[in-house]
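Enquirer: This is the structure I have questions about; it appears just below.
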Amino acid sequence: MDATIKKRKRVKHTRFPNGFGSIVFLKGNRRKPYCARKTKGFNEKGYPQYLVVGYYETFEDAFVALSEYNNMPYNVKERNATFKDIADKWLAEYLQEDHATGTVNNYRAICNKCEPLHNRKITDITFNELQDFISGLTAGRQTLAIIYLRQVFRHALKREIIRKDPTMYLRKTTTSVVKRNPLTTEEVRSLWKLPQSEARDKALIMLYTGMRIGEFQTISERHENYIIAGEKTEAGRNRIIPLHTKIRPLMRETWTKDNSRSFRTILPEHTPHDCRRTFISRCVECGIDGTVARKITGHAGIDVHESAYTFLNDPDFLCREVEKICY
């Protein structure tokens, strides 16, 4: 292969307007001899300091790049940043705030799914490419992937690396149907008859408290008739969770990390979240006020007026209410 580079001739042009910038023809046999630049200031000796927009093969390419930069300036230093570079910087900033562990893990999982995009320059990624990527995911992953991609590209927009957000019009191509499968009274009663195990105890506790399975790892205080735990939403974190008298003997000092497989061994037709749905439905059936049920489960639907009532923060009151639960 001939490695020689054809020598290019300098293109003469009229003077550009003040502040537009300049295009310099560099000496030597260069593949990209045209340098588009703008003056960004002067040093202590009065010499100009330049911001290099880029190097180009032709004068026309350099002129177009300089015109685009003048029309909408961008971060030249990070112009070659890859998708993975920006995704990592966004995640580092995101982790500085308090977020639920499950949400962070979901974003990490979606990041791994985006591996085909990792080494691409973020400025080169188009809407059609992202939409094709979304369409290749399952219905359940599409919503989370769209949210994740919007976060990453908005971070790039904030850092002035890109000039427009290609994720603005991303859409789901398949619709998922949420499977709500609450436990029947017979299934709950059959759980009590099973040999004692951590999986069984967790299921029963969730059925009488409405806890998420991941919230067993967030217990910060243990009292005789209630615990302090919770995650995911502001309303759900560090909330009072009253303990029904039936499940108080099941509480432990430590719990192993969430393991859905062990849950499936005792309830193969259900997911852990079905226990939470069953508890919320049972609250309605047993006459527990909706405001109280939202407080116990930590639903984000609880508003500022509801949270102002002092009885909602009274463990004894919440314990009396949860005693209405029966299966």
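None of the figures in this text is laboratory data; all of them are computed from the coordinates on show. These numbers come from a predicted model, not from an experiment. So basically every Cβ, Gly included, is an ideal-geometry build from the backbone, and we count neighbours across all protein chains shown.
Enquirer: Let's test the formula: R0 of 35 Å, r as the Cβ-Cβ distance of Tyr50 and Lys158. What FRET efficiency results, to the nearest 0.05?
Expert: 0.85
Enquirer: Which is the longest stretch in the chain that no exposed loop site breaks, taking sites as GluC sites (Glu not before Pro) with a DSSP loop state and at most 12 other Cβ atoms within 10 Å?
Expert: That gives 98-223 as the longest site-free run.
Enquirer: State, as an integer percentage, the relative contact order of the chain based on alpha-carbon contacts under 8 Å between residues 6 or more apart.
Expert: With pairs under 8 Å counted, the relative contact order is 12 percent.
Enquirer: Another one. Give a residue-ordered list of calculated ³J(HN,Hα) values for the range 287-292 (Karplus: 6.51 cos²θ - 1.76 cosθ + 1.60, θ = phi - 60°; whole Hz; x for Gly, Pro).
Expert: Per residue, the Karplus-derived 3J(HN,Hα) values read x, 7, 4, x, 4, 5 Hz.
Enquirer: Under the rule of at least 5 residues apart or a separate chain, name every residue whose amide H is placed under 5 Å from the amide H of Phe16.
Expert: Counting only residues 5 or more places away or on other chains, the set is empty.
Enquirer: A further question on this structure: Report the Cα centroid-to-centroid distance between the range 39-68 and the range 187-254 in angstrom, as an integer.
Expert: 64 Å
Enquirer: Expressed in nm to one decimal, what extension gain is obtained for the pair Lys40 and Asp132 from 0.36 nm per residue of sequence separation less their Cα-Cα distance?
Expert: Extra length from Lys40 to Asp132 when fully extended: 29.1 nm.
Enquirer: Using the per-residue mean of other Cβ atoms lying within 10 Å as a proxy for protection, in what order, highest first, do the peptides 238-247, 200-209 fall?
Expert: Put in order of decreasing packing, that is 200-209, 238-247.
Enquirer: Under a 5 Å amide H to amide H cut-off, with H placed in plane at 1.01 Å, what residues pair with Val53 once short-range neighbours are removed?
Expert: Ala36, Arg37, Lys38
Enquirer: If you put +1 on each Lys and Arg Cβ and -1 on each Asp and Glu Cβ, how big is the dipole of the range 185-322 around its Cα centre, in Debye rounded to 20?
Expert: 440 debye
Enquirer: Still on this structure, please answer the following. Report, by chain and number, residues whose modeled amide H sits under 5 Å from the one on Tyr226, excluding near sequence neighbours (fewer than 5 apart, same chain).
Expert: Here the answer is Leu243, since their amide H atoms fall under 5 Å of that of Tyr226.
Enquirer: Angle check, please: helix 59-71 long axis (alpha carbons) against the longest principal axis of the chain (alpha carbons), in degrees 0 to 90, nearest 10.
Expert: 50 degrees
Enquirer: While we're looking at this one, here's another question. If you work out semi-axes √(5λ) of the Cα gyration tensor in Å from the coordinates, which of (i) 60, 22, 16; (ii) 37, 21, 19; (iii) 28, 25, 21 do you get?
Expert: (i)
Enquirer: Please sort 144-155, 17-28, 98-109 by packing, taking for each peptide the average over its residues of neighbouring beta carbons within 10 angstrom, highest first.
Expert: Packing proxy ranking, top to bottom: 144-155, 98-109, 17-28.
Enquirer: Can you tell me the FRET efficiency between Glu224 and Cys286 if r is taken as the Cβ-Cβ distance and R0 is 22 Å, rounded to the nearest 0.05?
Expert: Efficiency, rounded to the nearest 0.05: 0.45.
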